[in-house]
1. List the helices (runs of 4 or more DSSP H) that sit entirely inside the range 43-87 and contain at least 3 residues that are of a type in the set (D, E, K, R).
2. Can you spot a residue in the range 56-72 that is small (Gly, Ala, Ser) and surrounded by 19 or more Cβ atoms within 10 Å (Cβ to Cβ)?
3. Could you give me the residue pairs with C-beta distances under 6 Å whose first residue belongs to the range 18-44 and is free of Cβ contacts under 8 Å to residues at least 24 places away in the same chain, whose second residue is surrounded by 17 or more Cβ atoms within 10 Å (Cβ to Cβ) and assigned to a loop (DSSP other than H, G, I, E, B) wherever it lies, and which are 6+ apart or on separate chains?
4. Could you go through the range 3-23 and let me know if any residue there is in a loop (DSSP other than H, G, I, E, B) and touching a Cys at 6+ places or on another chain (Cβ under 7 Å).
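What follows is calculated from the coordinates using simple rules that are stated; it is not laboratory data. Every value quoted in this text rests on a predicted model; they were computed, and no experiment measured them. For neighbour counting, all protein chains shown are included, and Cβ atoms are generated from backbone atoms with ideal geometry for every residue, glycine included.
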Amino acid sequence: MKDKPKIDKDSFIRDCNLSVRTQNVLYNNAKAFGVEKTSFITNSDLKVSDIGKVSLRVIGGFRNCGKKTLLEIIALCTKAGVEFKQEKNSPPPTTDPGK
């Protein structure tokens, strides 16, 4: 049985076993993270640490980014130890789907 790769802040998004929708939301908005968008997902240099460059409010405004996608991104960043950019007067992110 093959072990899942260890996810840390230097892991590439393509190696993180995310849903296709979440990968597409992140790749289609790579410029927001300061990474040049490539023509193929497998060629992208987008890393987990890049997600922390913007706030959850910004990520939540991306096209096709709904509640489940946000929860998946939050879980990934929590697992990797990446914190999101905080906006003034915004509470820290939570993985509780009821909030």
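1. Qualifying helices (runs of 4 or more DSSP H): 67-80.
2. no
3. Final answer for the pair search is Tyr27/Ser44; Ala30/Leu46; Val35/Leu46; Thr38/Ser44.
4. Scanning the range 3-23, I find at least one residue that is in a loop (DSSP other than H, G, I, E, B) and touching a Cys at 6+ places or on another chain (Cβ under 7 Å), so the answer is yes.
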